[in-house]
Amino acid sequence: MTEAPQPIERNGLDDLTRLIHLGLTVFGILALITGLWAGDYKRAHHFGFSVHKWLGLTLSFFMAWRIWHGFYGPRETRFSQWVPFTPERLKLAGEDCLSLLRLRLPERASHQGLAGVVQTFGLAVFAWMALTGSLMALWLTPGGKAGGVVHAIKEMHELGLWLLLAFLAIHVSAVILHALAGDNLWRKMFFLK
């Protein structure tokens, strides 16, 4: 039987991890907003698409950095320490769901239990959007309609929008609940504390 990892301190995230999180947040939101105007890629003048493309590529840089950090960064940020791929970690997530049903917030270290499931989902969605967006940035020729493989990638990228909105709804709701309960970790994530 595998041994469960040692608990990780709740506020033990280093400045680099927080910077990567800030980059994902800022460029993710900007790319999400400018994505509303990216449909102008079909026109000769495609300012909305160009802005969305460059913000998305910057987000892809932060996503690649986060993936690298997840394998080679500090112990508390490594995927091996928190991604819920073991029965023990999934059990913690189940216990956290039961706590929420009892109207109590789970008290776990960062990224453990249900928080680990949510963060894994979020990183998977961000990686999906970064990959499909980067492929479109390379292969989509503005001024005409997307066809063939590029059209399929565009459709997959647009599907990711709904997954991203679902993640944001869950994540922001959790941050608000924790803040209302007096746990203002969000302030530390944005270098306000």
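Among Leu123, Leu92, Leu138, which is under 27 Å from Ile29 (Cβ atoms) and open to solvent by less than 60 Å² (accessible area, probe 1.4 Å)?
Going through Leu123, Leu92, Leu138 in turn, the sole match is Leu123.
In the set Arg102, Arg187, only one residue is of a type in the set (D, E, K, R) and within 17 Å of Val26 (Cα to Cα); that residue is Arg187. If you go through region 126-167 and pick out every residue that is charged (D, E, K, R) and over 23 Å from Ala64 (Cβ atoms), you end up with 2.
Among residues that are part of a loop (DSSP other than H, G, I, E, B) and over 22 Å from Gln112 (Cα atoms), Lys154 is not included. When residues in region 100-146 are screened for being modelled with pLDDT of 85 or more, among the small types (Gly, Ala, Ser) and over 30 Å from Ile176 (Cα atoms), 2 of them pass. Close contacts from region 78-95, counting a first residue that is touching a residue at least 24 places away in the same chain (Cβ under 8 Å) and closer than 12 Å to Val117 by Cα and a second that is aliphatic (A, V, I, L, M) and crowded, with 16+ Cβ neighbours inside 10 Å, with Cβ to Cβ under 6 Å and a gap of 6+ residues or different chains, come to Pro84/Ala93; Pro84/Val117; Ala93/Leu114; Ala93/Val117.
The values are calculated or read from the model by the stated rules, or taken from the named source; none is laboratory data. Everything numeric in this text was worked out from a predicted model, so none of it was measured. Methodologically, a virtual Cβ is constructed for each residue, glycine included, from the backbone with ideal geometry; neighbour enumeration extends over all protein chains shown. With ligands, DNA and RNA removed, areas are computed over all heavy atoms of the protein, side chains included. Shrake-Rupley method; radii C 1.70, N 1.55, O 1.52, S 1.80 Å.
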